[in-house]
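Everything on this sheet refers to the single structure shown next.
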There are 2 protein chains.
Amino acid sequence: MDQDIISELRRRGYRITTARRAVVSSLVGATGHLTADQVAHTVKATNPDVDTSTVYRTLGLFEDLGIVEHAHLGHGPAVYHLGKTHQHLVCEVCGAVIDVPVEALDVLALELRERYGFQIRPGHFALTGRCDQHAVSE
Amino acid sequence: MDQDIISELRRRGYRITTARRAVVSSLVGATGHLTADQVAHTVKATNPDVDTSTVYRTLGLFEDLGIVEHAHLGHGPAVYHLGKTHQHLVCEVCGAVIDVPVEALDVLALELRERYGFQIRPGHFALTGRCDQHAVSE
DNA sequence: GTAAGTGCAAATGATTTGCAGATGT
DNA sequence: ACATCTGCAAATCATTTGCACTTAC
């Protein structure tokens, strides 16, 4: 799985460096979403001399190549993830994150399309609200 | 309209200061969404000695009191607005902002509620995508 | 060998905070 | 009078950038 990405990079003419390998491992080894800083920490565990700015540049490159995506879950730093786009639901009380397939927004997308001529591209910003445990019973 | 807010503040025991008056005027006089910095600029036009940090504090207070809300339209600074909550649609090509009533998300809210036990509270983050002019015809 | 990639340090942009002084009530 | 507000300067947090040096190819 690491290898797929490495090959992809090579195939596209990008150089395979220690930093890039380490970022790939960090992303592949993680379940879920990581901030750039968390990626940097994981990376530094094995490669202490990789700089955080390089991690940012690497994540930026991977994003341009469609290998990773970033999303905003709240007021803090952005989070990065591999794999296909999904919509994040974030509980404003406990911070719990639920990943839902973008298809869950299909009906909404259609409605906004028809009514406002607007095509949404879900996933970039979370939908905030309250999880089951912290629901407000009106 | 300025006066409603001023009275509200007074009624709740907050002090009426030059800075607060000026922030209220700025918000009332503007159509749409302003960044804290834009509010600060408007304020400084008549009251040059009001500091930007005071504008932030004032907006923060107004938000706590339910007088204003802030939303995130993209990677830049947050925007503040008076009035009732609405959902922002932001074109990722031209930055155009469309305001839609939160009721447009009712169907989605219901679905997410049933399927994931999650209650969304729309409006805090924009939905990004493409406006009519910049639609991708797949 | 050479361009692409990197570390480092410094810059940026948005927002927050500590504190001593000013001001609304 | 006295607590609340404010200006100012400095701190913070996430992210970006300039530049000289390294390294993958």
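The values are calculated or read from the model by the stated rules, or taken from the named source; none is laboratory data. The model shown is predicted, which means the values in this text are computed figures rather than measured ones. Every residue, glycine among them, receives a Cβ derived from its backbone with ideal geometry; neighbour counts consider all protein chains shown.
Listed conditions (1) more than 10 Å from every other protein chain (Cβ to nearest Cβ); (2) surrounded by 19 or more Cβ atoms within 10 Å (Cβ to Cβ) are all met by B:F118, apart from (1).
Checked against the criterion of being touching a residue at least 40 places away in the same chain (Cβ under 8 Å) and not small (G, A, S), the candidates A:L105, A:L110, A:L82 yield just one match: A:L82.
Residues considered: A:F125, A:F62. Of these, the only one that is farther than 17 Å from B:A104 by Cα and within 7 Å of another protein chain (Cβ to nearest Cβ) is A:F125.
Among the candidates B:G13, B:G95, B:G76, B:G66, the residue that is exposed (fewer than 13 other Cβ atoms within 10 Å of the Cβ) and more than 15 Å from DNA strand C (Cβ to nearest atom) is uniquely B:G66. When the stretch B:43-63 is filtered for residues that are near DNA strand C (Cβ under 9 Å from one of its atoms) and crowded, with 18+ Cβ neighbours inside 10 Å, the ones remaining, listed by number, are B:T54, B:V55, B:L59. If you check A:E63 against the conditions, is it charged (D, E, K, R), near DNA strand D (Cβ under 10 Å from one of its atoms) and within 28 Å of A:T128 (Cβ to Cβ)? Yes. Answer with yes or no whether A:D106 is more than 17 Å from B:D106 (Cβ to Cβ) and surrounded by fewer than 19 Cβ atoms within 10 Å (Cβ to Cβ). Against the criterion (more than 17 Å from B:D106 (Cβ to Cβ) and surrounded by fewer than 19 Cβ atoms within 10 Å (Cβ to Cβ)), A:D106 does not qualify. Residues that are surrounded by fewer than 20 Cβ atoms within 10 Å (Cβ to Cβ), farther than 16 Å from B:E69 by Cβ, of a type in the set (D, E, K, R) and near DNA strand D (Cβ under 10 Å from one of its atoms): does the stretch B:27-42 have at least one? The answer is no, given that none of the residues of the stretch B:27-42 is surrounded by fewer than 20 Cβ atoms within 10 Å (Cβ to Cβ), farther than 16 Å from B:E69 by Cβ, of a type in the set (D, E, K, R) and near DNA strand D (Cβ under 10 Å from one of its atoms). Here B:A19 meets each of (1) buried (at least 19 other Cβ atoms within 10 Å of the Cβ); (2) within 10 Å of DNA strand C (Cβ to nearest atom) with one exception, condition (1). Quick check on A:R121: is it among the basic types (K, R) and not assigned by TED's automatic domain parsing to the domain that holds A:A19? It is true that A:R121 is among the basic types (K, R) and not assigned by TED's automatic domain parsing to the domain that holds A:A19.
Among the residues of the stretch A:107-125, those that are over 20 Å from A:E69 (Cα atoms) and of a type outside the set (A, V, I, L, M, F, W, C) comprise A:E111, A:R113, A:E114, A:R115, A:Y116, A:G117.
Would it be correct to say that A:V50 is over 18 Å from the mean Cα position of the chain (by Cα) and within 14 Å of another protein chain (Cβ to nearest Cβ)? Here the answer is no, as A:V50 does not meet what is asked. No other residue among B:V68, B:V55 is closer than 18 Å to A:H75 by Cβ, at pLDDT 95 or above and within 16 Å of DNA strand D (Cβ to nearest atom) apart from B:V68. Under the condition of being surrounded by fewer than 19 Cβ atoms within 10 Å (Cβ to Cβ) and under 30 Å from B:V24 (Cβ atoms), which residue from the stretch B:79-92 is modelled with the lowest pLDDT? Step by step, filter the stretch B:79-92, then rank; the result is B:G83.
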